[in-house]
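Peer 1: Quick one: the structure is below, questions incoming.
The values are calculated or read from the model by the stated rules, or taken from the named source; none is laboratory data. Since the model is a prediction, treat every value here as computed from it, not as a measurement. Positions of Cβ are backbone-derived with ideal geometry, glycine not excepted, and every protein chain shown enters the neighbour counts.
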Amino acid sequence: MATINEVAKLAGVSKATVSRVLNNRPVSSETHAKVMKAIRELKYQPNAQARGLSLRQVKIIGLIAPDLRGGFYGPIILGIEEVLQKNDFNLIVSRAQSKEYRLAKMLKEKKVDGLIIATPRRIGEKGILALKKDNFPVVVIDGNVGEQVSSVEVDSRQGAYQATEHLIKLGHTRIGVISSPYSFKESRDRLRGYQDALKQYGLTYDHALVREGNYSMASGEREIEQLLVLEPRPTAIVAFNDEMAIGAIHGLFKKGFSVPRDMAVIGFDDSEIAQTFYPPLTTVRQPIKEMGAVAARKMLAILSGEETAVTHVILQTSLVVRASCGAGLQ
């Protein structure tokens, strides 16, 4: 069966142009003729569902996110909005666990064209798959619910590897971890990245060095106290988000320890607080805003019929070196 890509190639135009022709949008008569000729030659059958969605668009996308503020979801929302605005779409945002049923109802009533879900574990795979089963366009961010739903996430495993490797290269051999809950996919991925780095450099994994937090500053402060009683205690900490890293630093200060002299600390996210905190926090930068932008572009491609297959995008992290690990002192 011919694809829209093949039609575009034969006609010598972009996929977007083919989509415009299929959806009766303005193109030149010459371009329209070329596209229709390619469609006839290839016997292309457009995706009826995607085309129907495009024709009935209300130009509104729904977003469900666990939080609408802060250093993580704020940039995601901004990335989505910028892409949608450039394409004359609007965004409706709802907090998870409070109004997601209303957005789902709006979607079913065709009051929104598609739904982007941030951190899908907060809503549950069952509900997301039910929407997908009803043939509504769904894209998830910061997670993955399987092969049926398109997703955009970051390579958490590689990010934790980068952080751990950096500390090892600074001479640390006993590196503690303050993780997020083990039930979270990103937590398991980051723990694997930490273990990968230890193995790569011939260091032994010690389960006692891994403490479970809950992404809050308070949990970082609580768990650092447990790590400090170990013998020997760790000389460096990798926290699975910036807030827990900063909580750990607060806990260290209260116990009379200096950062980075007595303990190196690395976070994960590169939120705004990581840059303004003292000492400035070394952290793994997630392309947070780009996650939102990629998800929005993916949603628009689904609605236009340009993207018919489920796809999974994994964005890369980068390590931002600041003073909290003893390197990059200012």
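Peer 1: When you look at Lys43, is it within 31 Å of the chain's Cα centre (by Cα), within 20 Å of Ala309 (Cα to Cα) and modelled with pLDDT under 85, yes or no?
Peer 2: Here the answer is no, as Lys43 does not meet what is asked.
Yes/no matrix, rows are residues, columns are (1) surrounded by fewer than 18 Cβ atoms within 10 Å (Cβ to Cβ); (2) farther than 28 Å from Val152 by Cβ; (3) outside the structural domain of Gly74 (by TED's automatic domain parsing):
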position: Phe240; (1), (2), (3): no, no, yes
position: Gly251; (1), (2), (3): no, yes, yes
position: Ala274; (1), (2), (3): no, no, yes
position: Ala296; (1), (2), (3): no, no, no
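Peer 1: Now for a different question. Can you tell me which condition Glu82 does not meet? The list is (1) assigned to a helix (DSSP H, G or I); (2) modelled with pLDDT of 90 or more; (3) buried (at least 19 other Cβ atoms within 10 Å of the Cβ), and all the others hold.
Peer 2: The one condition Glu82 does not meet is (3).
Peer 1: Let me ask something additional. Being within 25 Å of Ile314 (Cβ to Cβ), in contact with a Gly (Cβ under 8 Å, 6 or more places away or on another chain) and either outside the structural domain of Leu227 (by TED's automatic domain parsing) or crowded, with 21+ Cβ neighbours inside 10 Å (or both) is the filter here, so list the residues in segment 164-214 that pass it.
Peer 2: Passing the criteria: Thr164, Ile178, Ser179, Ser180, Glu186, Arg190, Gly193, Gly213.
Peer 1: Given the conditions (1) at pLDDT 90 or above; (2) assigned to a helix (DSSP H, G or I); (3) not assigned by TED's automatic domain parsing to the domain that holds Tyr205, and given that Leu103 satisfies all but one, which numbered condition is not satisfied?
Peer 2: Single failed check for Leu103: (1).
Peer 1: May I pose another question? Show the residue pairs that are 6+ apart or on different chains and have beta-carbon atoms under 7 Å apart, the first residue being within segment 69-94 and free of Cβ contacts under 8 Å to residues at least 60 places away in the same chain, the second being of a type in the set (Asp, Glu) and outside any helix (DSSP H, G or I).
Peer 2: Sorted first by the residue in segment 69-94, then by its partner, the pairs are Tyr73/Asp67.
Peer 1: Now, a different point. Can you tell me which residues in segment 1-20 are farther than 17 Å from Asn87 by Cβ, under 33 Å from the mean Cα position of the chain (by Cα) and modelled with pLDDT under 80?
Peer 2: Of everything in segment 1-20, just one residue is farther than 17 Å from Asn87 by Cβ, under 33 Å from the mean Cα position of the chain (by Cα) and modelled with pLDDT under 80, namely Ala2.
Peer 1: Can you spot a residue in segment 90-100 that is of a type outside the set (Phe, Trp, Tyr), outside the structural domain of Ala245 (by TED's automatic domain parsing), at pLDDT below 90 and touching a Phe, Trp or Tyr at 6+ places or on another chain (Cβ under 8 Å)?
Peer 2: No, segment 90-100 contains no residue that is of a type outside the set (Phe, Trp, Tyr), outside the structural domain of Ala245 (by TED's automatic domain parsing), at pLDDT below 90 and touching a Phe, Trp or Tyr at 6+ places or on another chain (Cβ under 8 Å).
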